[in-house]
1. For segment 82-183, what mean projected area does the convex hull of the alpha carbons give, in nm²?
2. Starting from the Cα of Arg180, step 7 Å along the direction of its Cβ; do the same at Glu46; then give the gap between the two resulting points in nm.
3. Tell me the carbon and sulfur percent of the accessible area for segment 82-183, rounded to whole percent, probe radius 1.4 Å.
4. If I model a spin label as a point 7 Å beyond the Cα along the Cα-Cβ vector, how far apart are those points for Glu159 and Lys64 in nm?
Amino acid sequence: MADLICPFCGNLGPEGAPLCPACGGPLLTAGTQVGPLPAARAGCPECGAEIPDPGNLVCVECLKPLTRPQDRAAGTRRDAPRALLLEFPGGLVTVPPGGSAVLGRDPAISDYARVFQRFENVSRLHATLRVDHGGSAWVRDEGSTNGTFVNGVPAVTGEAISLHDGDLLRLAADVEARVRLGEDTHG
């Protein structure tokens, strides 16, 4: 029984597995000299050019960002993380990756209270938004009086609802914003 080792991350892999379960790199039998990768390499997803070094961050031909094996395994991308952007009638709410925001009219509770001040049907503590580091977003109604809705579907108090680019988020009867997931502008 030969141990298989990943030349990229050093983890051991199961016998017979072609790829490392930790990073997605090709597995080699322990003690094998690490040399050039086999000729059958993945090409650039943008232009199809050969990728001479799997550690490249950009394509040598078109200079577009590349996804590394460990990023593919984790389900992330090498480009900028996605922030949640919501343009409500009272102003913009932006939530960076890894961040959250409380929506409501009470300035002691919500940093965005100014956005909702003129809407008395929005609760003082209405809803919470969250974006994970990978850019997945959700909203949770916090027991608001007049409800939180995603694409017209009412949220159940305390339960997170996933938000996707293009969704319509509504607080109460008429405070709406189109969900935009874009590059994090906060650096």
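1. 5.4
2. Placing both labels 7 Å beyond Cα along the Cβ direction yields 2.2 nm.
3. Carbon and sulfur atoms account for 45 percent of the accessible area of segment 82-183.
4. My value for the distance between the label points is 3.9 nm.
The values are calculated or read from the model by the stated rules, or taken from the named source; none is laboratory data. Please read these numbers as outputs of a predicted model, since none were measured by experiment. Because the Cβ atoms are built from the backbone with ideal geometry, glycine has one as well, and the counts that use them run over all protein chains shown. Accessible surface is based on the protein model in full, side chains and every heavy atom, while ligands, DNA and RNA are left aside. Shrake-Rupley method; radii C 1.70, N 1.55, O 1.52, S 1.80 Å.
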